[in-house]
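A.B. asks: Below is the structure I would like to discuss, written out as C-alpha cells.
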Number of protein chains: 2
Amino acid sequence: MTPAEHRSRPLVFVADLERPRLDEADHHHLRRVLRCRVGDPITVADGAGRWRSAALGSDLEPDAVGPIVQASERRRTTSLTVGFALVKGDRSELAVQKLTELGIDRIIPLTTERTVVRWDGAKAARNRERHRRVARQAAMQSRNLWLPDVWPVTALSTVVERLPDATLAEPGQTVLGAAAGAEIHPTTVLVGPEGGFSPQECAGRPLVGLPGNILRTETAAICAAVLLVLTAERG
Amino acid sequence: MTPAEHRSRPLVFVADLERPRLDEADHHHLRRVLRCRVGDPITVADGAGRWRSAALGSDLEPDAVGPIVQASERRRTTSLTVGFALVKGDRSELAVQKLTELGIDRIIPLTTERTVVRWDGAKAARNRERHRRVARQAAMQSRNLWLPDVWPVTALSTVVERLPDATLAEPGQTVLGAAAGAEIHPTTVLVGPEGGFSPQECAGRPLVGLPGNILRTETAAICAAVLLVLTAERG
C-alpha cells in the first residue's frame with residue numbers, strides 16, 4: 001500500500017494482529033464520527049510497524065483481512081525523544097498528542113527541581129494510562145504505524161542517566177535547527193518547567209535554544225519536536 | 001531594560017499608556033494567580049511596542065510609573081503571517097495562543113472550499129473577540145511587546161488577494177526550513193482544513209511542506225509558525 005493509500009483510510013490499532021478485533025470505542029468512532037460504512041477499507045495495525053488491510057465489519061471483527069505486512073522501514077533511522085516537565089493535566093495531554101502527531105518516538109514527562117506539579121503514585125498511574133490513550137488516538141489519527149513509547153513520570157536525574165546525550169532546552173542558547181549541518185544535532189531534547197532548569201541541572205549538559213518568546217512548557221515541547229523532526233529528516 | 005529584566009517581571013497591556021490603568025481581570029490575575037505584591041515591579045505596554053516600568057498599585061492604577069519607552073526595534077524586520085482553516089472553538093483558540101507565544105505577527109482564521117466549520121455573523125464576531133482575548137493573554141504571558149494582528153474569519157480568496165505571496169502548506173512538498181538558505185523563504189503560510197486545499201485553490205500558488213505525519217489543522221499551524229520564526233531568525 002502506498003503512503004497516499006494509508007493516508008486515505010482509517011488506521012486502527014488492535015491488541016492481536018493475528019486475530020484482529022476492534023475496541024468497541026474505536027468501532028463506534030469509525031461508524032459514528034468518521035461515518036464509515038460496513039465494507040469500507042481500513043488498516044489494522046499493532047503499533048509496532050506491522051499492519052494488514054481489512055474491511056470494516058458490522059461487529060468488532062473486521063472482514064476481508066489481508067496478509068500481515070511489516071512496514072519495510074521507519075521514516076527515520078534515528079529515534080527521537082522529547083521530555084517535558086509536568087504541567088497540569090490537559091496541557092500534558094496536549095503535549096503528548098502533538099508530539100505523537102509529529103512522529104516523536106519516545107515521550108517522557110519529567111519531574112525537575114523546579115517542577116511545581118507533582119503526582120503521587122495513584123495519580124501518576126492514572127495519568128500514564130491517560131497519556132498512553134491520548135498517544136494511541138493521536139497515532140491512529142495521524143496514520144502513524146508506530147506508537148510512541150510513553151514513559152511514566154520520571155525524574156530528570158534518571159532520564160539523563162539512561163539517555164546520556166540528552167540535551168536541555170534553555171533560553172539564550174543557539175537555536176536548534178538554526179543552521180543546516182550545524183554541529184548541534186541532538187536526538188533527545190528535554191524541556192524544563194516555567195521556572196527553567198536549575199544551574200545544577202544544566203551543569204555539564206549540552207544545551208540548545210528554541211525560537212520565539214517565552215514559551216509555555218507544552219509549547220516549548222512541541223517546538224522542540226518540530227525542530228527535531230526537521231533536522232532528522234534533512235539528515 | 002534588558003530582555004532578561006523584561007522576562008522576569010509581569011507584562012500587562014493597558015488601553016492608555018499615558019494614563020495606565022489595569023483591567024480588573026489583569027489586576028486580579030497578578031494578585032491572586034501570580035501572587036504579586038503591591039509595589040512589585042511590572043511593565044505596562046500598549047501592545048504596539050511602547051512600554052513603561054511601573055509598580056503594582058493597591059488599586060487598578062499602578063504606582064511609580066516610569067517614562068514611556070519605544071522598544072527600539074522588533075525582533076525581526078519581516079512580519080510573519082499564519083492563516084489556518086477554521087477548526088472547532090478550543091482548537092482555533094489553541095492555535096491563536098501558540099502562534100502568539102511563538103511571535104507570529106498576523107493570525108488569520110480562514111474559510112476554504114473544504115472547511116467544514118462555518119460561523120455566521122454573530123458567532124464570527126463573538127469568536128473574533130475571543131481570539132483577540134486569547135492573543136492578548138498569550139502575548140502578556142510570553143512577554144511579547146507587540147500584540148499580533150488577529151483578523152476576523154476571512155475567505156481564502158480574499159487573503160491571497162491581499163497577501164499575494166501567501167504560500168499554502170500541502171503534503172508532499174519540499175519542507176519549509178528543510179535547507180538553510182533555501183529558495184523557499186515565505187513569510188505567509190496558510191494551512192488548510194483536514195480535507196486539504198482543493199486543486200483549484202492550489203493552482204498557481206507557491207506550496208510548501210511540513211514535517212511529521214498527517215497533522216491536525218492546529219498542529220500544522222503551530223508547526224508552520226515554528227518554521228517561519230526559525231527561518232526568519234536565521235535571516
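The values are calculated or read from the model by the stated rules, or taken from the named source; none is laboratory data. In this text, all values refer to a predicted model and were calculated from it rather than measured experimentally. No Cβ is skipped: glycine too gets one built from the backbone with ideal geometry, and neighbour counts run over all protein chains shown. Note: accessible area is taken over every heavy atom of the protein model, side chains too, but ligands, DNA and RNA are not part of it. Shrake-Rupley method; radii C 1.70, N 1.55, O 1.52, S 1.80 Å.
A.B. asks: When you look at the Cβ of every residue in A:215-227, what mean number of other chain Cβ atoms sits within 10 Å?
C.D. replies: Per residue, the average neighbour count from other chains is 5.
A.B. asks: If you don't mind, there's one more thing I want to ask. Which loop GluC sites (Glu not before Pro) in the range B:25-130, with loop taken from DSSP, have no more than 12 other Cβ atoms within 10 angstrom of their Cβ?
C.D. replies: B:Glu73
A.B. asks: Mean-square fluctuation check for chain B, GNM, Cα pairs under 10 Å: which of B:Pro206, B:Pro67, B:Pro109 is largest?
C.D. replies: Checking each option, the largest mean-square fluctuation is seen for B:Pro67.
A.B. asks: Still on this structure, I have one more. Which distances, in nm and shortest first, link the A:Lys88 label point to the same label point in every other copy, taking 7 Å along Cα→Cβ?
C.D. replies: A:Lys88 label point versus its equivalents elsewhere: 2.2 nm.
A.B. asks: Enumerate the amide H contacts of B:Asp40 below 5 Å, restricted to partners 5 or more residues apart or on another chain; note that Pro and chain-start residues carry no placed amide H.
C.D. replies: B:Leu56
A.B. asks: While we're here: Using only the Cα atoms of chain A, build the gyration tensor, take square roots of its eigenvalues as a ≥ b ≥ c, and label the shape rounded, prolate or oblate: rounded if a/c is under 1.5, else prolate if a/b is larger than b/c, else oblate.
C.D. replies: Cα axes put chain A in the prolate bin.
A.B. asks: Charges only on Cβ, +1 for Lys and Arg, -1 for Asp and Glu: so what's the dipole of the range A:3-70 about the Cα centre, in debye to the nearest 20?
C.D. replies: Rounded to the nearest 20 debye, it is 300 debye.
A.B. asks: Only four residue types carry charge here, +1 at the Cβ of Lys and Arg and -1 at the Cβ of Asp and Glu. Report the dipole size of the range B:81-233 about the Cα centre in Debye, rounded to the nearest 20.
C.D. replies: Roughly 640 debye for the range B:81-233.
A.B. asks: If you roll a 1.4 Å probe over the protein assembly as shown with all protein chains in place, what percent of the accessible area is carbon or sulfur?
C.D. replies: Answer for the protein assembly as shown is 49 percent, counting heavy atoms of protein chains only.
A.B. asks: If you don't mind, there's one more thing I want to ask. What gaps in nm, shortest first, separate A:Lys123 from its twins in the other copies when you place the label 7 Å past Cα toward the beta carbon?
C.D. replies: Those separations, rounded to one decimal, come out as 3.7 nm.
A.B. asks: Projecting each Cα onto the charge dipole of chain A (Lys/Arg +1, Asp/Glu -1 at the beta carbon, about the Cα centre), which of A:Leu30, A:Gln97, A:Ala169 comes out farthest on the positive side?
C.D. replies: Toward the positive end, the furthest listed residue is A:Leu30.
A.B. asks: A further question follows. Ignoring the sites themselves, what is the longest stretch of chain B with no trypsin sites (Lys or Arg not before Pro) in a DSSP loop and at most 13 other beta-carbon atoms within 10 Å?
C.D. replies: B:119-235
A.B. asks: When the solvent-accessible surface of protein heavy atoms is calculated with a 1.4 angstrom probe, in what order do A:Asp63, B:Asp40 fall, highest first?
C.D. replies: The residues order as A:Asp63, B:Asp40, largest area first.
A.B. asks: Chains A and B: what accessible area do they bury, summed, in square angstrom to the nearest 100, with a 1.4 Å probe?
C.D. replies: The A and B chains share an interface burying roughly 3000 Å².
A.B. asks: Separate question: Give me the accessible area per residue for the range A:81-233, probe 1.4 Å, as a whole number in Å².
C.D. replies: 38 Å²
A.B. asks: Let me ask another. If a/c stays under 1.5 just call it rounded; otherwise compare a/b with b/c (prolate if a/b is bigger, oblate if not). Do that for the protein assembly as shown, with a ≥ b ≥ c from the square roots of the Cα gyration tensor eigenvalues.
C.D. replies: Taking the square roots of the gyration eigenvalues as a ≥ b ≥ c, the protein assembly as shown is prolate.
A.B. asks: With only Lys, Arg, Asp and Glu charged, each at its Cβ (+1 for the first two, -1 for the last two), find how big the charge dipole of the protein assembly as shown is about the Cα centre; round to the nearest 20 debye.
C.D. replies: 540 debye
A.B. asks: Between copies, how close do the B:Asp165 label points come, placed 7 Å along Cα→Cβ, listed in nm from shortest?
C.D. replies: Copy-to-copy label distances for B:Asp165: 3.7 nm.
A.B. asks: Still on this model: Give me the inter-chain shielding for A:95-105: mean count of other chain Cβ atoms within 10 Å, whole number please.
C.D. replies: What the average comes to for A:95-105 is 3.
A.B. asks: Classify the range A:60-196 from the C-alpha gyration tensor, please: rounded if a/c falls under 1.5, else prolate or oblate depending on whether a/b exceeds b/c.
C.D. replies: The shape class here is oblate.
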